[in-house]
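**Student:** Below: one structure in structure tokens.
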Amino acid sequence: MGVTSSSLPPTLTSSTFTTLFPTLPSSLFDTLSLNGELNKEDLIKHLNTNQINSAFVFIKPQANTLKTQEYVRSTLSRFCIQIKEEGTIPGTVINEKKLIDQHYYSIASKATLQHPSELNVPEDKFMESFKEEWVKVVEEGRCVNALQACERWNVNESTLEKLWRSSEKSHKVVKFGGGFYCGLLECEGEELYVFNAFFMEMRSKFIGDNEVYFFSVEWEKGVLDWEGFRNRLLGPTDPNEAPEDSIRRTILEKWEEFGLKSKPNKADNGVHASASPLEGLSEKCNWLGSSIDSESFGKALLFNGFDEQTIKEYCIDPSVEGAKDDGVGKGSVFDAVEDMDAEDCLRKLCMIKFEEGKEGRFDGF
């Protein structure tokens with residue numbers, strides 16, 4: 001699979017399956033009404049939960065040196081985070097399997113995976129922004145995704161990035177939604193509507209001769225909460241704003257000592273870590289080819305009545321009812337569970353599933 005890995009001695013005693021998935025009280029079934037519906041309060045009260053946090057961490061190509069690997073490894077272990085697996089994923093594999101495209105799915109799907117005709121383009125906003133009808137543009141073949149633009153114009157990622165930035169300066173780039181941008185680009189006299197063209201330059205940093213070094217990790221809930229894992233141990237997106245001794249701040253301060261060729265910044269910030277147990281599951285399935293039922297959080301979802309299709313849908317961050325804090329309208333599933341520990345994440349996803357009315361009843365209990 002192009003992934004080399006090795007297991008390290010655990011820093012914590014592994015919990016048993018019984019600890020992870022305690023038996024639900026039989027009285028739960030007494031809360032079911034005759035038509036099989038479950039009261040939301042009872043659902044939340046009796047939910048079976050998973051006490052293990054599980055995440056995917058990788059060192060980005062720009063920072064991937066032996067010294068960085070050793071530093072990240074020792075820091076994770078020092079914080080009692082168990083490294084279940086680690087290894088290298090080559091850029092050739094990342095490119096062939098479109099791993100980075102799946103990782104940044106909401107952005108990449110519009111840049112490399114889908115044709116613009118398949119996208120839900122808001123026709124009224126398109127008309128307002130570009131003064132022509134979207135349907136006509138599609139019919140005339142004047143819209144492409146970023147990958148198709150590179151192929152059609154025979155340009156590389158860097159050139160496409162420059163064309164995109166030029167259109168931005170000319171106010172010819174419009175945001176239709178989160179990770180959803182359209183720009184009117186011109187190359188050698190031809191104008192095309194291109195979607196998320198900026199992604200190609202970002203993608204190029206992960207393919208070819210580049211590679212990432214990953215750590216598949218787990219830790220007990222009582223050791224460190226998820227917010228602490230991301231914001232204190234890892235550090236925020238901008239390493240300049242990261243706490244002292246956080247991983248991103250340390251890589252920034254010691255970039256020359258660690259052998260990096262350039263100073264980290266907000267885009268190239270050294271490392272990535274899952275934003276929630278759900279994203280951890282999604283990323284392990286993508287990067288490592290894990291099955292849902294082989295991962296602790298996947299097992300917890302299945303045990304609590306989620307079918308694999310629903311889990312797969314949630315793993316690509318759909319917009320669903322019940323995801324927003326105010327409960328009004330649809331919102332991002334990933335945003336709804338960001339920085340939650342496994343137990344809280346599972347409860348929130350069950351609430352969202354309840355709001356969506358999936359399956360009509362909870363046969364998994």
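**Student:** Given a Förster distance of 22 angstrom, what is the FRET efficiency for Lys324 paired with Lys263, based on the Cβ-Cβ distance and rounded to 0.05?
**Tutor:** My answer for the efficiency is 0.05.
**Student:** Let me ask something additional. Neighbouring Cβ atoms within 10 Å as the yardstick, rank Cys187, Cys143 fewest first.
**Tutor:** Cys187, Cys143
**Student:** Each residue of segment 237-251 in order: what ³J(HN,Hα) in whole Hz does its phi give by Karplus 6.51 cos²θ - 1.76 cosθ + 1.60, θ = phi - 60°, with x for Gly and Pro?
**Tutor:** Each residue of segment 237-251 in turn: 3, 7, x, 5, 9, 6, x, 4, 6, 6, 4, 5, 5, 5, 5 Hz.
**Student:** Would you mind calculating the gained length between Lys254 and Asp238 on full extension (0.36 nm times residue separation, minus the Cα-Cα distance), in nm to one decimal?
**Tutor:** Full extension from Lys254 to Asp238 adds 4.2 nm.
**Student:** If you don't mind, another one. Using the structure shown, list the pairs from Lys125/Lys324; Lys324/Lys353; Lys221/Lys330; Lys98/Lys312; Lys98/Lys162 with a Cα-Cα distance above 21 Å, or answer none.
**Tutor:** Over 21 Å apart, Cα to Cα: Lys125/Lys324; Lys221/Lys330; Lys98/Lys162.
**Student:** Taking θ as phi - 60°, what are the ³J(HN,Hα) couplings along segment 266-275 by the Karplus curve (6.51, -1.76, 1.60), each to the nearest whole Hz, with x for Gly and Pro?
**Tutor:** Per-residue couplings from phi come out as 5, 7, 9, 9, x, 9, 10, 9, 4, 7 Hz.
**Student:** May I ask you to sort Ser274, Ser282, Ser106 by Cβ crowding, counting other Cβ atoms within 10 Å and putting the fewest first?
**Tutor:** Neighbour counts put them in this order, fewest first: Ser106, Ser274, Ser282.
**Student:** Pop a pseudo-label 7 angstrom from the Cα along the beta-carbon direction at both Lys162 and Val135 and give the gap in nm to one decimal.
**Tutor:** 4.0 nm
**Student:** Now for a separate question. Could I have the simple spin-label model distance between Glu123 and Leu66, label points 7 Å from Cα toward Cβ, reported in nm to one decimal?
**Tutor:** Each label point lies 7 Å from its Cα, and together they span 6.1 nm.
**Student:** Which far-off residues, 5 or more places away or on another chain, put their amide H under 5 Å from the one on Glu85, with H placed in the peptide plane?
**Tutor:** It is Ser216, by chain and number.
**Student:** Give me Met202, Met340, Met127 ranked fewest to most by other Cβ atoms within 10 Å of their Cβ, as a rough exposure proxy.
**Tutor:** Met127, Met202, Met340
**Student:** For labels at Ser77 and Asp339 in the simple 7 Å Cα→Cβ model, what's the distance in nm?
**Tutor:** 3.0 nm
**Student:** If you add up the charges near Glu295, with Lys and Arg at +1 and Asp and Glu at -1, over every other residue whose beta carbon is less than 14 angstrom from its beta carbon, what do you get?
**Tutor:** Spelling it out: positives minus negatives among the neighbours equals -2.
**Student:** Then there's this: For segment 196-206, take each phi angle, set θ = phi - 60°, evaluate the Karplus expression 6.51 cos²θ - 1.76 cosθ + 1.60, and give the result in whole Hz per residue in order, putting x for glycine and proline.
**Tutor:** 6, 5, 5, 5, 5, 5, 5, 5, 4, 6, 10
**Student:** Within 12 Å, Cβ to Cβ, of Asp245, how many net charges do the neighbouring residues add up to if Lys/Arg are +1 and Asp/Glu are -1?
**Tutor:** Residues near Asp245 contribute +3 overall.
**Student:** I've got another one for you. What aspartates and glutamates sit close enough to Lys84 to cross-link, taking a C-alpha to C-alpha distance under 18 Å and skipping anything fewer than 8 places away on the same chain?
**Tutor:** Qualifying aspartates and glutamates at Cα under 18 Å: Glu70, Glu218, Glu220, Glu279, Glu283, Asp293, Glu295.
Here, each number is a calculation from the coordinates, and none is a lab measurement. This is a predicted model, so every value here is computed, not measured. Note that we place each Cβ from the backbone using ideal geometry, even for glycine, and neighbour counts take in every protein chain shown.
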